[in-house]
Amino acid sequence: MSNSSSISEFLLLAFADTRELQLLHFGLFLGIYLAALLGNGLILTAVACDHRLHTPMYFFLLNLALLDLGCISTTLPKAMANALWDTRAISYQGCAAQVFYFLFFISAELYVLTIMAYDRYVAICKPLHYGSLVGSRACAQMAAAAWGSGFLNAVLHTATTFSLPLCQGNAVDQFFCEIPQILKLSCSDVYLREVGALVFSVSLGFGCFVFIVVSYVQILRAVLRMPSEQGRHKAFSTCLPHLAVVSLFVSTAMFAYLKPPSISSPSLDLLLAVLYVVVPPAVNPLIYSMRNQELKATLKKMILVVIFT
């Protein structure tokens, strides 16, 4: 029986078997990665440079952009490098680092999305108390709690997973190091500890999802009671992008992890992972900029400055 200490590298799932398709996937994901870098980079620059965007909503959007950049940068560059150089290998230490950073960013992103739902709830349902409930100090504390919770969650799962003995080979059925796929390589009943930790994290994530749903039910009720059509339109304009981002992120992640084992396959798992790991960081900036007039105006001004200077 071999254990994890005897494994020096893991073999990730390849996107394709032929060289032509590997290069095609490399080009496709390079385009997506550059789009994510550009879109989130523009949002970071716009929020940082325009004092009109120094509000709680844009502060949390800045945090979301940072987390999106971290999440996609943790998984996609290694997958692109493997496709370009026709290899599947990732070192043991690299795999552990990938698990840690992916969990860190993805957990913190869910918490930030939950905080953003709370921010919209207070802004629409309790506007008179907005300054006291979502002040600058409260925003900093909530953001720190989201990042800190993501860090602790990542440490817990990474330490537990990589302390397990592995004797089922070193082939990971995913294009990045993912805990459920690594657990399949375990040969010890100790993996039940990690399963228990995963159940706890899934329950916590489901709690965040329920909080978001309840917040938006209250928001919808408040918006429908607004007498002004302009007020309703403005409220929907600030809420719909966030709701779209949450729906894309949560629906694909929940289906990926909660789907019945009977319909599971490497190809389906690969597709779902791309949908919740790669796609959201690339499309989130587009979603937020489409209906947000303030952000759109700032981005247009930045682009014009770049063009005419």
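Some observations on this one:
- Breaking point among (1) in a helix (DSSP H, G or I); (2) surrounded by 19 or more Cβ atoms within 10 Å (Cβ to Cβ), for residue 148: (2)
- If you go through the stretch 82-94 and pick out every residue that is assigned to a helix (DSSP H, G or I) and under 17 Å from residue 270 (Cβ atoms), you end up with 2.
- The requirement of being at pLDDT below 85 and either touching a Gly at 6+ places or on another chain (Cβ under 9 Å) or open to solvent by 50 Å² or more (accessible area, probe 1.4 Å) (or both) is satisfied by residue 193.
- The stretch 255-286, residues that are at pLDDT below 80 and among the aromatic types (Phe, Trp, Tyr): 255, 257
- For the stretch 12-19, the condition of being open to solvent by less than 20 Å² (accessible area, probe 1.4 Å), touching a strand residue (DSSP E or B) at 6+ places or on another chain (Cβ under 8 Å) and not in a helix (DSSP H, G or I) holds for at least one residue.
- Criterion (free of Cβ contacts under 8 Å to residues at least 60 places away in the same chain and either in contact with a helix residue (DSSP H, G or I) (Cβ under 8 Å, 6 or more places away or on another chain) or open to solvent by less than 20 Å² (accessible area, probe 1.4 Å) (or both)) met by exactly one of 271, 275, 299, 295: 275
- Selection status of residue 86, acidic (Asp, Glu) and open to solvent by 30 Å² or more (accessible area, probe 1.4 Å): yes
- Filtered by the rule that a residue be over 16 Å from the mean Cα position of the chain (by Cα) and either open to solvent by less than 40 Å² (accessible area, probe 1.4 Å) or modelled with pLDDT under 90 (or both), the stretch 71-83 gives 79, 80, 81, 82, 83.
Residue by residue, here is whether (1) out of contact with any Cys (no Cβ under 6 Å at 6 or more places or on another chain); (2) among the aromatic types (Phe, Trp, Tyr); (3) part of a helix (DSSP H, G or I) holds:
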{"site": "29", "(1), (2), (3)": "yes, yes, yes"}
{"site": "64", "(1), (2), (3)": "yes, no, yes"}
{"site": "71", "(1), (2), (3)": "yes, no, yes"}
{"site": "77", "(1), (2), (3)": "yes, no, yes"}
{"site": "99", "(1), (2), (3)": "no, no, yes"}
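- Residue check, residue 108 in contact (Cβ under 8 Å) with a residue 40 or more places away in the chain, open to solvent by less than 20 Å² (accessible area, probe 1.4 Å) and either in a loop (DSSP other than H, G, I, E, B) or out of contact with any strand residue (DSSP E or B) (no Cβ under 9 Å at 6 or more places or on another chain) (or both): yes
- Considering only residues in the stretch 160-180 that are touching a Lys or Arg at 6+ places or on another chain (Cβ under 8 Å) and under 15 Å from residue 272 (Cα atoms), the one that is surrounded by the most Cβ atoms within 10 Å (Cβ to Cβ) turns out to be 176.
- Number of the exception - residue 289 against (1) over 30 Å from residue 178 (Cβ atoms); (2) modelled with pLDDT of 80 or more; (3) open to solvent by less than 80 Å² (accessible area, probe 1.4 Å): (2)
- Residue count for the stretch 31-62 satisfying the condition of being open to solvent by 50 Å² or more (accessible area, probe 1.4 Å) and assigned to a helix (DSSP H, G or I): 10.
- Neighbours by Cβ (under 6 Å, 6+ apart or cross-chain): first from the stretch 196-222, over 23 Å from residue 236 (Cβ atoms) and open to solvent by 70 Å² or more (accessible area, probe 1.4 Å); second assigned to a helix (DSSP H, G or I) and not aromatic (Phe, Trp, Tyr): none
- Evaluation of residue 258 against (1) under 24 Å from residue 29 (Cα atoms); (2) under 21 Å from the mean Cα position of the chain (by Cα); (3) exposed (fewer than 15 other Cβ atoms within 10 Å of the Cβ) (one fails), failing number: (1)
The values are calculated or read from the model by the stated rules, or taken from the named source; none is laboratory data. What you see is a predicted model, and the numbers here were worked out from it, not measured in a lab. Glycine gets a Cβ as well: all are built from the backbone with ideal geometry, and neighbour counts include every protein chain shown. Side chains are part of the model used for accessible areas, which takes the heavy atoms of the whole protein and leaves out ligands, DNA and RNA. Shrake-Rupley method; radii C 1.70, N 1.55, O 1.52, S 1.80 Å.
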